[in-house]
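Undergrad: Pasting a structure here, questions to come.
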Amino acid sequence: MNKNFAAIVAALLLVEPVTGTVVAAQPGSTERVQFSQGATSTVIKGKIKGDGDIDYLVRASAGQTLTVTMKTTNAQNYFNINPPGSDVSMFVANTSGNNFKGVLPTDGDYRVRVYLMRPAARRNESSNYTLTISVTGKPLAPVSSSVDAVIPGTNYHASATINCTNSIEKKIGKCEAFVIRRGFDGTATVEVRLTDGFKRRILFVKGKPVSSDSPEKLSTVRKGDINIVSLGTLERFEIPDTLVVGG
C-alpha cells in the first residue's frame with residue numbers, strides 16, 4: 001500500500017465517530033459518540049494510562065436523560081461530565097461514584113472525561129474500562145422564532161436582570177439571565193450569567209425547576225410570582241415567571 005495513502009486512511013480513522021461497541025482512542029484524544037441507527041446507548045471499551053485523559057462528546061438536548069456508567073480495573077479511574085461550553089463539571093465521579101443519570105438542562109455537546117486520579121497518574125498506572133452511555137427521552141425543542149421572537153443575533157427569547165448569589169462572590173447581587181422557551185406552559189431553559197462569563201443553566205418544566213448543570217442539589221421555593229432556585233448552599237437565583245413564560 002502506498003505510504004501516503006496509508007497515512008491518510010489512519011488520519012481519517014482518528015476522527016471517526018464512536019458507535020456501537022468499540023475500543024477507545026489513544027489517551028489525550030477527543031471522540032464524538034454517535035449511536036447506531038435505532039439505538040439509544042453505546043458501550044465503549046478502552047484503556048487509559050498516566051495523565052492521558054480521554055474525552056467523549058455526546059450530543060443531547062434539554063429534557064433528555066443522559067445515563068453514564070463505568071466499570072474499571074483500577075479503583076482510581078473515574079469520569080466527569082461537563083455541560084456544553086463549560087470547563088466546570090456538572091458531575092464528578094470520584095465524589096459520587098461511576099454512575100450518573102440526570103435530565104439535561106440545555107442543548108449541545110456534553111463532555112464525558114475519563115481520567116485517573118492524580119496519584120495514580122503520577123505513578124503512570126493504567127486501567128481498562130467499560131463505559132456505557134445512553135441518551136433517552138424526547139427533546140424539548142425551542143419555540144420557533146416565528147412564534148416567539150428571539151433577541152437579534154441569538155437563540156434567546158428574552159432576558160432580564162435578576163437577584164442572585166453565587167459561589168464566587170457569596171453575596172446577593174445582580175445577574176443577567178436569558179431564556180430559551182420550549183413551550184408556552186413554563187417549559188424553558190434559563191441561563192444565568194455569573195462572574196467571569198460563567199454560565200449556569202436551569203431547566204423548567206411546566207413552570208417548575210427540575211434540573212441544572214450544577215453538581216449541587218436543586219431546591220426551590222415560591223415567593224409570589226418568583227421561583228427562588230437554590231443549588232446547594234452557595235448559589236441562589238430569583239427567577240420571575242415573566243421571564244420563563246413571557247408576557
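Undergrad: Straight distance only, please: which aspartates and glutamates reach the Cα of Lys101 with their own Cα at less than 13 Å, same-chain residues fewer than 8 apart left out?
TA: Asp213
Undergrad: Still on this structure: What nm value, rounded to one decimal, do you get for the distance between Ser96 and Val210 when each label is placed 7 Å out toward the C-beta?
TA: Between Ser96 and Val210, the label points sit 1.8 nm apart.
Undergrad: Same structure again: Using a cut-off of 13 Å between alpha-carbon atoms, which aspartates and glutamates can reach Lys47, once sequence neighbours fewer than 8 places away in the same chain are excluded?
TA: Partners within reach: Asp55, Glu125.
Undergrad: Using a 7 Å offset from the Cα along the Cα-to-Cβ direction at both Asn74 and Ser86, what is the distance between the two label points in nm, to one decimal?
TA: Label at Asn74, label at Ser86, 2.8 nm between them.
Undergrad: What do you get when you divide the Cα radius of gyration of region 54-116 by 2.2 N^0.38 Å, with N the number of residues?
TA: 1.06
Undergrad: Something else about it: So what is the diffusion coefficient of the chain in µm² per second by Stokes-Einstein at 37 °C and 0.692 mPa s, using a Kirkwood Rh over Cα pairs?
TA: 167 µm²/s
Undergrad: Now a separate question. Using only the alpha-carbon atoms, how far is helix 3-14 inclined from the longest principal axis of the chain? Give it as 0 to 90 degrees, nearest 10.
TA: That works out to roughly 40 degrees.
Undergrad: Counting other beta carbons within 10 Å of each residue's own, what order do Arg59, Arg222, Arg111 fall into, fewest first?
TA: Ascending Cβ contact count within 10 Å gives the list Arg222, Arg59, Arg111.
Undergrad: Right, something else. Determine the distance separating the Cα centre of region 227-247 from the Cα centre of region 25-97; give it in Å without decimals.
TA: Using only Cα atoms, the two centres lie 30 Å from each other.
Undergrad: Indicate, rounded to the nearest 5 percent, the antiparallel portion of the DSSP beta bridges found entirely in region 17-136.
TA: 85 percent
Undergrad: How much length, in nm to one decimal, is gained on full extension between Asn155 and Arg118, taken as 0.36 nm per residue of separation minus their Cα-Cα distance?
TA: Gain on extension, Asn155 to Arg118, equals 9.4 nm.
Undergrad: Still on this model: Mind telling me which of Ile151, Ile81, Ile44 comes out most flexible in a GNM of the chain, alpha-carbon contacts under 10 Å?
TA: Most flexible of the set in this elastic network: Ile151.
Undergrad: Determine the alpha carbon to alpha carbon distance for each of Lys49/Lys138; Lys49/Lys71; Lys71/Lys138 and list only those over 25 Å.
TA: Pairs exceeding the cut-off: Lys49/Lys138; Lys71/Lys138.
Undergrad: Then there is this: Could you tell me whether region 158-245 comes out rounded, prolate or oblate from its Cα gyration tensor? Rule is a ≥ b ≥ c as square roots of the eigenvalues, rounded for a/c under 1.5, then prolate if a/b exceeds b/c, otherwise oblate.
TA: prolate
Undergrad: How far apart, in nanometres, would the label points at Asp148 and Ser29 be if each is projected 7 angstrom from Cα along the Cα-to-Cβ direction?
TA: So the label points at Asp148 and Ser29 sit 4.1 nm apart.
Bear in mind that the values in this text are calculations on the coordinates, not laboratory data. Because the structure is predicted, anything quoted here is derived from the model rather than measured. Virtual Cβ from ideal backbone geometry, glycine too; neighbours counted across all protein chains shown.
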